[in-house]
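The values are calculated or read from the model by the stated rules, or taken from the named source; none is laboratory data. What you are looking at is a predicted structure, and each value in this text was computed from that prediction instead of being measured. Note: ideal-geometry Cβ built from the backbone for every residue, glycine included; neighbour counts use all protein chains shown. Surface areas here come from the heavy atoms of the whole protein model, side chains and all, with no ligands, DNA or RNA. Shrake-Rupley method; radii C 1.70, N 1.55, O 1.52, S 1.80 Å.
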Amino acid sequence: MTVAERLKDAIMAAAVAALLALPLIGFETVDTGGPLGIKTRFDYIAYAAIVVFLGRLGMRIAFDWRRSYRERIVQAEPTNIDRKELLTVLGQKADKWLMPVMIGFAIVMPFLPFANRTVIDLGTVVLIYVMLGWGLNIVVGLAGLLDLGYVAFYAVGAYTFATLSMHFGFGFWETLPLAGLLAATFGVVLGFPVLRLRGDYLAIVTLGFGEIIRVILLNWQPVTGGPAGISGIPRPSFFGFPFSADPPEGATAFHQLFGLEYASIHRIIFLYYLILALALVTNLFTMRIRKLPVGRAWEALREDEIACTALGINPTNTKLTAFAIGAMFGGFAGSFFATRQGFISPESFSFIESAVILAIVVLGGMGSQAGIVLAAAFLTLLPEVAREFSLFRMLAFGAAMVLIMVWRPQGLLAHREPTMRLHPAGTKPGGGKP
Amino acid sequence: MTQPLLKVEHLTMRFGGLVAVNDVSFDAKASQITAVIGPNGAGKTTVFNCIAGFYKPTVGRLTLTNNGTPHLLERMSGNDIAGKARVARTFQNIRLFPKMTVLENLIVAQHNKLMRASGFTLLGLFGWPGYSKAEAEAVDLARYWLERTNLTDVADEVAGSLPYGGQRRLEIARAMCTEPVLLCLDEPAAGLNPRESADLNTLLRFIRDEHKCGVLLIEHDMSVVMQISDHVIVLDYGRKIADGPPDAVRNDPKVIAAYLGEPEDSAVAQGGV
Ligand SMILES: Nc1ncnc2c1ncn2[C@@H]1O[C@H](COP(=O)(O)OP(=O)(O)OP(=O)(O)O)[C@@H](O)[C@H]1O
Ligand SMILES: [Mg+2]
């Protein structure tokens with residue numbers, strides 16, 4: 001492109017931006033006491049147009065530069081045309097070293113100098129999403145079933161935990177498996193009638209299911225507390241030793257057990273490690289099950305359902321197991337969420353949560369465990385970082401998603417490691433049989 | 001004589017007003033290659049889809065006799081026909097698991113066996129030794145068919161990256177890994193070069209002679225059909241027009257007419273999928 005062409009292109013883009021900006025950001029409603037007044041903000045439109053102009057120009061230049069760079073490379077080394085990109089290579093290495101590095105970091109994180117209460121809390125939130133992402137990855141990434149209502153299982157887990165622990169006095173470790181089991185049962189109950197559907201149809205039905213669960217939570221007052229939710233959910237104890245400054249008669253508090261000074265951060269750190277452990281169990285489970293017949297059948301089903309049927313695989317049962325197991329991990333995460341917050345209400349389980357979890361799986365690179373960690377960190381930390389511009393948070397979120405989808409439609413770290421090899425000492429060493 | 005391996009009686013398949021298969025009856029025997037031939041749109045693939053349970057026949061009975069046990073295929077689901085009656089098939093448009101490796105494709109084919117060995121996943125999750133043994137056996141079977149189909153060197157490549165001929169052979173290897181009694185091949189030689197086609201003939205003869213497997217073969221290429229089939233069935237507009245040994249069928253005037261086509265009919269025959 002010549003300079004004139006670039007300028008013309010950028011001016012066009014700026015004009016479109018200005019046009020769009022006029023109704024969207026050109027006016028502001030102000031409270032004038034009586035009726036709402038309208039204030040114009042034409043300077044904002046100018047800013048938007050300038051930003052778009054510069055951005056478009058920069059993009060064009062970058063694209064041209066990249067193309068000429070590619071051409072030069074192809075001329076220099078014709079064999080190097082399908083030169084691997086950095087992230088692709090990273091994706092291949094991810095399972096081998098990126099995961100251990102991230103896990104190592106996660107383990108020592110609370111003791112690093114910068115780790116204060118906020119950081120650890122944030123880490124906990126990231127880990128909840130990592131766990132949800134890994135759970136949903138079984139359904140979407142491995143089995144290829146587009147589930148837009150995953151948050152329903154998260155909600156079932158949370159409410160099961162809240163109800164059992166408040167009314168029946170169950171502890172965390174007793175409730176956890178029950179919550180997972182119940183969520184899995186819901187997965188089967190939902191999955192059984194709908195798993196014959198494919199692709200978009202399944203997505204719509206699961207979306208509806210997620211909403212139904214939320215509406216039930218809102219309306220089933222006696223059990224769920226309706227819109228007010230459930231509060232006063234018991235906080236977790238350290239295997240029976242509560243985290244409290246003055247424990248009840250006869251009980252030993254955590255800090256007494258270890259002879260420490262009481263500090264409220266102990267519980268925060270404990271919660272952090274709890275979710276880290278839960279997430280790691282999810283990961284370990286996924287890594288193992290991928291190498292078992294069901295795991296391979298899930299992936300095969302994602303690739304070609306008809307071929308699976310012709311090989312004697314029962315598609316409905318196989319999908320059901322994926323749905324149920326994914327739901328189970330959602331239920332575990334929900335239990336943790338309930339005990340951490342101490343308060344749950346239907347608001348925490350709206351559709352946007354499902355969308356974020358799905359975005360994590362898709363952005364991470366369907367099926368890539370390490371990619372999901374990166375995507376979860378990105379999607380949960382971005383709104384925190386952009387908190388000052390809270391008005392534009394969703395905008396930034398959307399822009400980031402669009403950018404990533406343009407740049408890497410297959411996700412950040414899309415790489416599939418074979419589950420077994422015939423020639424272990426082949427081109428890529430270390431990928432031995434399970 | 002004992003029961004034939006597959007007995008097709010009065011098979012009719014209608015799609016709305018279209019009669020794709022019209023009252024077709026034939027037998028396929030074990031250790032024999034039975035070819036189903038006919039012009040485009042004659043209903044060959046539809047017959048296969050009925051046998052493999054992808055379509056429920058409108059009328060007809062399909063009996064597969066495996067070790068003296070009869071299976072009524074028209075009443076079984078597609079995955080039971082593959083898993084219990086042991087009918088394996090390939091597809092006219094290849095259907096592999098393209099992102100999985102060649103070896104994984106062959107392991108997925110042994111799903112039901114491995115599933116039982118892994119205690120329906122529970123034992124497998126905890127590394128039960130019986131499962132590792134079953135998996136090693138599955139890999140051995142896969143290796144056997146990889147060697148037979150000349151794919152050993154590419155076993156760890158993703159299936160989608162194989163050249164066309166390799167994909168065709170992998171699909172046959174995958175079908176054989178289910179240890180079938182009847183193998184249904186839908187135009188396996190389509191798109192192969194003469195040399196690959198000759199290799200395919202050798203492979204099919206090997207499957208018939210060494211594995212005592214019945215082979216049902218759809219083929220357009222007459223030379224392939226004449227060389228390797230023991231029995232030929234000719235379909236035209238959904239009807240069976242000839243049935244017999246290759247030499248007899250080749251000289252049958254009805255078959256010649258169907259293949260050369262009466263001018264006004266050939267345009268209709270082209271409309272097939
Ligand atoms: N699912 C379907 N719905 C409607 N019509 C169908 C369906 N499947 C096949 N047909 C029709 O049935 C007829 C037979 O099709 P079929 O695919 O069995 O032919 P074929 O003998 O395999 O042809 P080819 O040599 O082109 O593969 C065609 O007219 C086709 O259009
Ligand atoms: Mg056909």
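Values computed for the structure shown
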{"item": "Burial ranking of peptide ranges B:225-233, B:155-163, A:297-305, A:152-160 (average Cβ count within 10 Å, highest at the top)", "result": "A:152-160, A:297-305, B:225-233, B:155-163"}
{"item": "Over segment A:267-359, relative contact order from alpha-carbon pairs under 8 Å, at least 6 apart, %", "result": "26"}
{"item": "Gap separating the Cα centres of segment B:149-205 and segment B:6-43, nearest whole Å", "result": "24"}
{"item": "Heavy atoms of B:ASP140: accessible area, 1.4 Å probe, square angstrom to 10", "result": "80"}
{"item": "Gaussian network model of chain B, springs between alpha carbon atoms under 10 Å - residue of B:PRO70, B:PRO129, B:PRO180 with greatest fluctuation", "result": "B:PRO129"}
{"item": "Gap separating the Cα centres of segment B:54-113 and segment A:322-339, nearest whole Å", "result": "35"}
{"item": "Contour excess over end-to-end distance, with Cα ends at A:GLN410 and A:VAL385 and 0.36 nm allotted per residue", "result": "6.4 nm"}
{"item": "Under 15 Å, Cβ to Cβ, from A:GLY226 - net charge with Lys/Arg +1 and Asp/Glu -1", "result": "0"}
{"item": "Using a Förster distance of 35 Å, the FRET efficiency for A:PHE111-A:ALA400 (Cβ separation, nearest 0.05)", "result": "0.65"}
{"item": "Cα shape, segment B:1-67, gyration tensor, a/c 1.5 rule", "result": "prolate"}
{"item": "Proximal aspartates and glutamates relative to B:LYS99, as straight alpha-carbon distance under 16 Å, when same-chain residues fewer than 8 apart are discounted", "result": "A:GLU299, A:GLU303, A:ASP304, A:GLU305, A:GLU417, B:ASP156, B:GLU157, B:GLU171"}
{"item": "Whole-Å distance, taken between Cα centres, linking segment A:9-43 and segment A:154-227", "result": "43"}
{"item": "Counting all C-alpha pairs of chain B, share separated by more than 24 Å (%)", "result": "51"}
{"item": "Candidate aspartates and glutamates for bridging to B:LYS84, where Cα separation is under 15 Å - those fewer than 8 sequence places away on the same chain excluded", "result": "B:GLU74, B:GLU179"}
{"item": "Gain in span if fully extended, A:LEU54 to A:VAL119, counting 0.36 nm per residue against the direct Cα distance", "result": "19.8 nm"}
{"item": "B:ALA242 long-range amide H proximity, modeled H, under 5 Å", "result": "B:VAL234"}
{"item": "Average beta carbon contacts from partner chains per residue of A:316-323, 10 Å cutoff", "result": "1"}
{"item": "Distance violations [Cα-Cα > 18 Å] among B:LYS7/B:LYS240; A:LYS291/B:LYS113; B:LYS29/B:LYS56", "result": "B:LYS29/B:LYS56"}
{"item": "Environment charge at B:ILE37 (Cβ cut-off 15 Å; Lys +1, Arg +1, Asp -1, Glu -1)", "result": "-4"}
{"item": "Over chain B: helical MRE at 222 nm, DSSP H runs n ≥ 4 each giving -39500 (n - 2.57), nearest 500", "result": "-11500 deg cm²/dmol"}
{"item": "Mean ellipticity per residue at 222 nm, deg cm²/dmol - from DSSP H runs of n ≥ 4 across chain A, formula -39500 (n - 2.57)", "result": "-21500 deg cm²/dmol"}
{"item": "Neighbour net charge for B:TYR55 - beta-carbon separation under 11 angstrom, K R +1, D E -1", "result": "+1"}
{"item": "Selected from A:VAL151, A:VAL101, A:VAL52 as most flexible by GNM, with chain A as the system and alpha-carbon contacts under 10 Å", "result": "A:VAL52"}
